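Notes follow the structure.
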Amino acid sequence: MYKKLWKKLNQNHTVAHTSAIYLTVMTLGWMLAGLLVGGLADLILPFNMESKLTLFICFGGYSGLIFGLFGGIFYLYQLNLKKRN
């Protein structure tokens, strides 16, 4: 998924903007996926409303941060290392 998105963005944008757009799209995509999972967990788990809201926000925020932003940064770092060798 990381590689496909990078290739698609590299074809359509200039080099200067590609990494910024890539990290933004990855973060938002993983955040939306986390919010979807958090919403499903809210429907299944019998918590009070405050706990459900916290769970929903944490699923979206942490998945966007860890998998989207950090995963995208590590992927770009890996690409940069391959270019140097």
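The values are calculated or read from the model by the stated rules, or taken from the named source; none is laboratory data. Bear in mind the structure is a predicted one, so any value in this text is a computation, not a measurement. All Cβ positions, glycine included, derive from the backbone under ideal geometry; neighbour counts span all protein chains shown. Note: areas computed on protein heavy atoms with side chains; ligands, DNA, RNA excluded. Shrake-Rupley method; radii C 1.70, N 1.55, O 1.52, S 1.80 Å.
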- Within region 42-51, of all residues that are open to solvent by less than 100 Å² (accessible area, probe 1.4 Å) and not in a helix (DSSP H, G or I), the one modelled with the highest pLDDT is Asn48
- Task: Just name the residue that is modelled with the lowest pLDDT out of those in region 52-85 that are exposed (fewer than 12 other Cβ atoms within 10 Å of the Cβ) and basic (Lys, Arg).
- Result: Arg84
- Query: Considering region 5-19 alone, what residues qualify as being hydrophobic (A, V, I, L, M, F, W, C) and open to solvent by 100 Å² or more (accessible area, probe 1.4 Å)?
  - Reply: Val15
- Query: Looking at Phe59, is it over 30 Å from Val15 (Cβ atoms), part of a helix (DSSP H, G or I) and under 21 Å from the mean Cα position of the chain (by Cα)?
  - Reply: yes
- Task: Any chance you could count how many residues in region 8-41 are within 18 Å of Tyr75 (Cβ to Cβ), of a type in the set (Val, Ile, Thr) and at pLDDT 85 or above?
- Result: 5
